[in-house]
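What follows draws every value from the coordinates through simple rules; no lab data is involved. Predicted, not measured: the structure shown is a model, and the values here were computed from it. Methodologically, a virtual Cβ is constructed for each residue, glycine included, from the backbone with ideal geometry; neighbour enumeration extends over all protein chains shown.
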Amino acid sequence: MIVANLARQSGTGTRQMTRQKVLVLYLANSALDAPTVAWAVYDGTGETRPMAGDTDTPPYRTGVDALKDGWRLFQASQILPHQRGAEFDVSYLKYEFFFERLVEVAA
Amino acid sequence: MTDLPLLTASQMASFTARGFLRFDGVVPQDINTQFLAEMGDIASPQPDSTLRQAYGRLLAEAGVPEVAAGTALARAYPQGCAVNRMLELPLVAGAICSLVGEAPTFDHHFLHVTFPPAYHAGGESVSQHTHQDSTIDPRTAFDVQIMYYPHAVTREMGGTRFIPGTHLRKVSEVALGRYQNICGQQHMVCEAGTLLFLHSGVWHGGGVNLAERTRTMFKIRMNPSQSQVRKFDLSTLQPQSAQRPIFYVKSQPPESVEEILMTPEPWFEQDTGRLEMVNRIKLWRYLTGDPTYDADYWLTRLENQASA
């Protein structure tokens, strides 16, 4: 990501870089205000190390709640037709929403 | 016929719906102690030794036999060894028979050891990505994995994480590793001698060990070599007299196979949660040998071709 490699001087003269935090929410249907059923966090600042199984409670009740807290939606899964003959197959979680937050960190 | 204590219809329905059965503290302590002694001591962390080297030494020296895939389970372990004694416990043998039938086949086993932070000098101590074992498995038939916990496991030790009800999802191993946390996930916190029977499709992963001692879990995968149909305690299976009222119901329905099969998991999506119900009914049809079974009208409605 180009944005993650930016470095500049802050007002106080401290060299700053922009890093990306990513939040992935899996919702109960394709609506952004549907309840969260699964989630993941990836931290480009390196300040935290989220990992599988680290929390049992969703960070946001819905996708809209994440928007209200300042996360920016940048990708949502498509709603795809069902393949003939495989209408009842289940596999990966369907309603995936990627959010980002840009964070200034010291260079 | 067998004299073993077979699983009840309720236990089988729960396994069908959720993909696991848990038996806490059922392996006697003398077998647990024997197992840990057979596995040998785990060397203390050394500054000049990597975690991979320590694990490699442990696996090489542990008293786990190398067994060819496809061996009869009954011949996989020497008589009198701890694992064989565990497998011969009536509760264990009865559960195995109920789930994969008589004479199951050994697939593979592994000694899973998770190391505390002291062993990770210079490396990163993280949990295992959530995954489904093996590879894409489109069968209705299924394998069973027994997770054996020979010592007490605390939450801090990062016991096996698994997500009930994921076993009917057709996925490709760790392709789902992106999902860090899923509503309803469970972490094994248990006393010594606990067994977790998993349908081979259940999503799971090892937790990070933040305690001061290693955590040991022994896994055995087995395949059916004969029919899996009607192997549980059929005397506990109540005949289904009629379909239940659905959607518009005025009181909590009584406990039944249907009630177990139709109970959703917290992570279910609103639409595919219904597909999960359909697939649970199909698995129950397979296990009971009853191609006409239905719960809450899901398959009756879909199979009505209106051609009569």
Q | Charge dipole of region B:9-223 about the Cα centre (unit charges at C-beta), most positive-ward option of B:Ala76, B:Phe115, B:Val189 | A | B:Val189
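Please report, in whole Å³, the volume per residue of the convex hull around the C-alpha atoms of region A:13-107.
Per residue, the Cα convex hull of region A:13-107 comes to 114 Å³.
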Q | Global form of region B:126-181, assessed from the alpha-carbon gyration tensor, a/c cut-off 1.5 | A | oblate
Q: Quantify how strongly other chains surround peptide A:52-64 by giving the mean number of their Cβ atoms within 10 Å of each of its Cβ atoms.
A: 5
Q) Direction-averaged shadow area of the convex hull around the Cα atoms of region B:1-110, nm²? A) 9.0 nm²
Q: Please find the FRET efficiency linking B:Val174 to A:Asp69, where r is the Cβ-Cβ separation and R0 is fixed at 30 Å, and quote it to the nearest 0.05.
A: 0.50
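Within a 10 angstrom radius of each residue's Cβ in B:167-178, how many Cβ atoms of other chains show up on average? Whole number is fine.
What the average comes to for B:167-178 is 3.
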Q) Counting other Cβ atoms within 10 Å of each Cβ, which GluC sites (Glu not before Pro) in region A:10-99 have at most 13 and sit in a DSSP loop? A) A:Glu47, A:Glu87
Q) For region B:9-223, what D do you get in µm² per second when you plug the Kirkwood radius from alpha-carbon pairs into Stokes-Einstein at 4 °C and 1.567 mPa s? A) 72 µm²/s
Q: Let me have the 222 nm mean residue ellipticity of the protein assembly as shown computed from DSSP H runs of 4+ only, each contributing -39500 (n - 2.57), with the sum over all residues rounded to the nearest 500.
A: -6000 deg cm²/dmol
Q: Hey, could you grab the Kirkwood Rh for region B:72-161? Inverse mean 1/r over distinct alpha carbon pairs, Å, one decimal.
A: 16.1 Å
Q.
Counting other C-beta atoms within 10 Å, and keeping those with at most 11, which DSSP coil trypsin sites (Lys or Arg not before Pro) do you find in region B:203-308?
A. B:Lys250
Q. Using only the Cα atoms of region B:100-231, what do you get for the radius of gyration and for Dmax, in Å?
A. 15.5, 53
Q) Computed from the mean reciprocal separation of all distinct C-alpha pairs, what Kirkwood hydrodynamic radius does region B:180-242 have, in Å? A) 16.3 Å
Q. If you take the beta carbon distance between B:Tyr297 and B:Ile136 as r and set R0 to 35 Å, what does 1/(1 + (r/R0)^6) give as a FRET efficiency, to the nearest 0.05?
A. 0.70
Q: With a cut-off of at most 16 other beta carbons within 10 Å, and DSSP calling the residue loop, which GluC sites (Glu not before Pro) in region B:78-126 qualify? Please list them.
A: B:Glu102, B:Glu124
Q: Using R₀ = 30 Å, calculate the FRET efficiency as 1/(1 + (r/R₀)^6) where r is the Cβ-Cβ separation of A:Ala86 and B:Thr71; round to 0.05.
A: 0.25
Q) Taking a spot 7 Å from the Cα of B:Ser227 along the direction of its beta carbon, which residues of region B:141-166 have an amide N less than 19 Å from it? A) B:141-143
Q | Values of log10 I(q)/I(0), in the order q = 0.06, 0.11 Å⁻¹, for the protein assembly as shown under a Debye, Cα-only, solvent-free model | A | -0.30, -0.94
Q. With all pairs of different alpha carbon atoms counted, what Kirkwood hydrodynamic radius in Å does region B:234-303 show?
A. 13.1 Å
